[in-house]
Amino acid sequence: MSTRDTRQSEPDDLHLPDELAERLSAMQDGRVFVPPDVDRAVLDAASEYFGQEPAVTRRLWLRYVGPIAAAAMIGLGVWIAWPGMSPKTVQPKPVVRGDADQNGTVDILDAFAIARVIDAGQSAPPGWDFNADGKIDRDDVAVVAGLAVSVSGKADERDGGASS
Amino acid sequence: MSVWFAWFMSLAVVFGAVAESDVTDRSATRFTTVDIYLDSGDMPLAAYQLQFKATEGEVKIVGIEGGEHDAFSEPPYYDPEAIQRERVIIAAFNTSDASQLPAGRTRVATIHLTGDRRNVQPQYQLSTSPPLRTPQGEQDRKCLRCRTPGSQRHEKSMQ
């Protein structure tokens, strides 16, 4: 209902009246006469303006490029050489073999953590396969415990007893 | 981690290196044992790690024995390379329930030693390795000096 009302209120033909259209078209056929002196003056002014201004700007820019670059280089050199101001390289946290709890040290608590997960039947992180045999079991616990008590660096081959 | 883990970290530890006695007296070589006691107070003991070191005297480690409680009766973890040396790190844990773990003062290990009886009286040092940590992550770097045969028991709280 409302759609039909809207159509009725809009004009069906948006074209200009023919007479008005002819007159407007006739106005564009004629050419505006510009005296040659004026035309030349406008062209000269435009040429002067667009031809010289960029050159001046470019020269100003080139004048400061050198000092700016030199200052930047000096600043960068000082920044790098100055103790404590050089860009800090983010060192990756070293991976300590056997550090199951990732606290940076290997101790019996790492072995304890692995043993608890195994005893509980939980899934252990793949990174806990410290003997690289493809599975995480008591052998990994023994490896980590051996690393924890090592006094010689030959921890992997330790034997001896262990509590369960 | 479980409460046992936290308890280990907050142990009120008392070490005692006691009950040292001569076993062989036929030569200049002397065999002795040093018992390692650990006191966890009223909390169950789930895990420990410590370093034993002879600081004076020509003493060599010849064997390591487990503790008195069933949970720690097996010999602890240690580096076999420590045998015939004067320093060893021992450690053990048990994942059993609290009811099956020792609490209070308990002998966790016995270290068998040999040395020259004509030398100076041996001195031992016992320390946590790594240092014990509180539940808040603070480290306790205290260590203990242990006495030698015939002396009274030497215990020191590490609270």
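The values are calculated or read from the model by the stated rules, or taken from the named source; none is laboratory data. Bear in mind that the values here come from a model prediction, so they are computed numbers and not experimental data. Neighbour counts are summed over all protein chains in view; Cβ atoms, including those assigned to glycine, are modelled from backbone coordinates with ideal geometry.
Assorted remarks:
- Single match in B:Ala54, B:Ala71 (criterion: touching a residue at least 12 places away in the same chain (Cβ under 8 Å), buried (at least 16 other Cβ atoms within 10 Å of the Cβ) and in contact with a Leu (Cβ under 6 Å, 6 or more places away or on another chain)): B:Ala71
- Hits in the stretch B:93-108 (condition: within 22 Å of B:Thr32 (Cβ to Cβ) and either within 10 Å of chain A (Cβ to nearest Cβ) or β-branched (Val, Ile, Thr) (or both)): B:Thr106, B:Val108
- Some residue of the stretch A:104-120 being at pLDDT below 80 and acidic (Asp, Glu): no
- Residue tally, condition within 7 Å of chain A (Cβ to nearest Cβ) and either of a type in the set (S, T, N, Q) or within 16 Å of B:Thr128 (Cβ to Cβ) (or both), over the stretch B:78-92: 7
- Qualifying residue in the stretch B:81-103 (condition: part of a strand (DSSP E or B), more than 22 Å from A:Val143 (Cβ to Cβ) and at pLDDT 85 or above): yes
- Only a single item in (1) modelled with pLDDT under 85; (2) surrounded by fewer than 22 Cβ atoms within 10 Å (Cβ to Cβ) is not met by B:Leu132, and it is number (2).
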